[in-house]
Structure formats: C-alpha cells, structure tokens
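First up is the structure itself, then whatever we jot down about it.
The values are calculated or read from the model by the stated rules, or taken from the named source; none is laboratory data. From a predicted model like this one, the values you see are computed outputs, not experimental measurements. Glycine also receives a Cβ, built like all others from the backbone with ideal geometry; neighbour counts cover every protein chain displayed.
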Amino acid sequence: MTGVRRLLLSALVVGLAAVVAGTATWAAFSGTTANAGNSFAAGTVSLTDNDGGVTLLSLTNAIPGETATGCIKVTYAGSLAADVKLFGTASGGLAPYLTLKVTRGTDSGGTFPDCGSFTADTRDYAGNGAGVIYSGNLSSFPSSYAAGITDPDNGTGGTETWTTSEVHAYKLEVTLQNNTAAQGQSGSASFTWEARNQ
Amino acid sequence: MRATIDIWTGGLGLLAGFCAVAAWLAIAGQPADAPPPSASIRLGALATGELAISPLEKPVLAAADLRPGQAGEEGTVTIRNQTPRALEVSLRTSAVTRELDRSAWIDVAERGRSIVREPLGGTRSWSPAAVRLAPGEKRTLSARVWIPERAEDGWQAARGDAMLEFRGKVVPGR
C-alpha cells in the first residue's frame, strides 16, 4: 500500500471514529426521568349482619307483658374508620303499644337470633341499665340517620369508631304493653344500622 | 513466525487478564456472609357478618424467608355460620401489596379438598368452589403459600400482603 493510500485510510478511520464519537456525544445530551405505576384506590365502608335474611322479632297472638327477644351481630368490613347509627321504621296500629329496648354488647358465639352468648356492655349509656341504648315506645324509635342512635363506645361513653373487622352485638326486646287499645292491632318494624366514614 | 508467536502471546495475555479481573469481581462483589434473597408474606382474614372468623386479630400465616422450591408457610382459619340459614361459602383474596402476585401460589383447602390453588394474583375473584355450612356449623380451613421452584424473577425481596375474604350465600330453601 502506498504512503498516500495509507494516509487516506488513516484519515477515513479517524473520520469514522469522529462521527461515532460525535453521535455518542449528542446522545449524552438527552435524558429522561419517569414516575410510573401510580395507582389510586378508594376506601370502603361496609356493614353486614348475621340475620341471613330472617326476621329478628316476632309476636303472634300476644298477651300484655309478652316479650319477643332477639340478638343480632353487626360486622364492619370496610377499610375506612366509620361512625354507626341505629334507626328504623315502625308501622301499624300496634306500634304505639310496644315497648322496645335495645341493648348493646358482645356475642361470643351463638347463631342468629339466639341470645344465649350475649353479654351486655358494662356502661350505663342512658340511665336505663348496662348497655341499654334505647328504651321506649317502638313508635318513637328514630326513623332517620340524622336522628339515629349513635353507637357508643363502652370504654369512653363517647362515639364508637368502627374499624375493619370490628363486631358488636345488639339485643332487641319488644314487649306488648297492657293497654286495651292494643287488642287486635298489628304492626311491623325494620331496624337499620348505617355506617358513614369519618 | 515471530509475528505469529507475538500474536498468540498477546492474545493469551489478554485472556488471562480478563479472567483475573472477572475472578476478582466475583470474589470481591459478594460479602462473605450475605444471606440468599427471599420474599415475605402476610395473609390475614377479613370479618363478614354471616360468618364468625378466627383468627382476626392476628395473621392466618406470616413468613419472612420464602424461597423457590421450599414448602412455604402454612396456617389455618376457622369459619362458623352464625346465621339461621345454610350457607354456601366462597372466598377470594384482596391485595394489600401485589409484589408476589405472579411468583407465589396459594392453596386453601377444606378436608384436603382445594377451594383455591393458583397464583396469588389469580384469587381476586370469588372462588367457584364453596364450603356448605349448616346454621351454627364451623369448619377449619388450611392455607398454604409457597413459591414454586421455577418461579420467574421478581420474588427476591418482594412483599406479598393479602387478606382472605369470605362470602356466605344463603342456600335457597334451607
């Protein structure tokens, strides 16, 4: 190979090297950063019970002083801390002659609506006995969330904050009052526990 | 002849140098007592109204050193029908963290019969198989989580936290 050709070949190699280096240099001036995989999820508010769709209380052909008793367990499965209120609806001509008592407590076992394993809360919330959160006429039971009975905290007496997997039991007792006007009357009621996140 | 020897000598020298550097990197890069990588998992249970579930206050199972090919971690959960109706109970998992969704498998069984047996990430929907419980009846289910021997990468230092959810559907007419 002649000297000129060697010189030209060297120049070609240097030139190619310069192009490669230049390209790499331009590439080094750009860069990116990213924050991927962002996710969003809302919390949940979920309240369930163990009634299996079966009614809690029933009085049939009742006589004055007769009482129907039933216990229900309410479970919170939501992820957000929540307040719970109890309210209901009552209808029929018999409702004013029925006394309702609702006692809050715990239930270590048992099957709806048995109360054999029910233990009342120790706190006297309203002066009607340990764990009693309502005692009065069924017709006077609060009928909306706004007027509902705030579920209380047995420890502090304040409002209970329900958290995931929290369970409480309620014993409901309905007694027919000794009032002639109740004869032949009938009625019905539903009870609602509602949770709302704090 | 001399040029050929020089080429061979140079090549062997270069190869020897590469081998020395590679050996040094292999030795120096690993601390003498570094533990092998592992994954951790925690499986809890979520309460539901129709069933009394235990345990709730503590995990069904928890492990901090899961590795492929090992037996994994086992635990039990007891469910009891606390409604007055017969229930068909199915289950699913809800993820707290999803890092082990593809690597780890879960098997929940009742009396040796698997209710679910699949990758953790595949258990987000309610299981077709169910456990039938009469009113008041209870059953103890076994739960096992493991990483198969040929699990794809991604399990190293991964954390898979999940909750077992149960659902009891009333059996019509019972």
key: Failed item, numbered, when A:R104 is tested on (1) out of contact with any Asp or Glu (no Cβ under 7 Å at 6 or more places or on another chain); (2) closer than 18 Å to A:L47 by Cα   = (1)
inquiry  = Tally up the residues in the range B:37-62 that are under 21 Å from B:R92 (Cβ atoms) and part of a strand (DSSP E or B), please.
reply    = 12
message = Within the range B:68-85, take every residue that is within 14 Å of chain A (Cβ to nearest Cβ) and of a type in the set (S, T, Y) and give me the one that is surrounded by the most Cβ atoms within 10 Å (Cβ to Cβ).
response = B:T83
inquiry  = Can you pull out every residue in the range A:93-132 that is within 14 Å of chain B (Cβ to nearest Cβ) and buried (at least 18 other Cβ atoms within 10 Å of the Cβ)?
reply    = A:D107, A:G110, A:T111, A:F112, A:P113, A:C115, A:F118
task = Would you please name the residue that is surrounded by the fewest Cβ atoms within 10 Å (Cβ to Cβ), looking only at residues in the range A:143-182 that are of a type in the set (A, V, I, L, M, F, W, C) and away from chain B (no Cβ under 14 Å)?
result = A:A146
query = Any chance the range B:137-145 includes a residue that's more than 14 Å from chain A (Cβ to nearest Cβ) and over 21 Å from the mean Cα position of the chain (by Cα)?
reply = yes
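Checking the condition within 26 Å of B:L51 (Cα to Cα) and touching a Leu at 6+ places or on another chain (Cβ under 7 Å), which residue from A:V167, A:V102, A:V132 passes?
Of the residues listed, the single one that is within 26 Å of B:L51 (Cα to Cα) and touching a Leu at 6+ places or on another chain (Cβ under 7 Å) is A:V102.
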ask   = Does the range A:34-47 include one or more residues that are modelled with pLDDT of 95 or more and closer than 29 Å to B:E165 by Cβ?
value = no
request  = Kindly provide the set of residues from the range A:73-92 that are more than 9 Å from chain B (Cβ to nearest Cβ) and either touching a Phe, Trp or Tyr at 6+ places or on another chain (Cβ under 6 Å) or in a strand (DSSP E or B) (or both), ordered by number.
outcome  = A:A82, A:D83, A:V84, A:K85, A:L86, A:F87, A:G88, A:T89, A:A90, A:S91
query = Do you know which of the residues in the range B:83-104 that are among the aliphatic types (A, V, I, L, M) and assigned to a loop (DSSP other than H, G, I, E, B) is nearest to the chain's Cα centre (by Cα)?
reply = B:A104
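Condition check ((1) more than 14 Å from chain B (Cβ to nearest Cβ); (2) part of a loop (DSSP other than H, G, I, E, B)) across all residues:
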residue	(1), (2)
A:G31	yes, yes
A:A41	no, yes
A:T48	no, no
A:D51	no, yes
A:S58	no, yes
A:C71	no, no
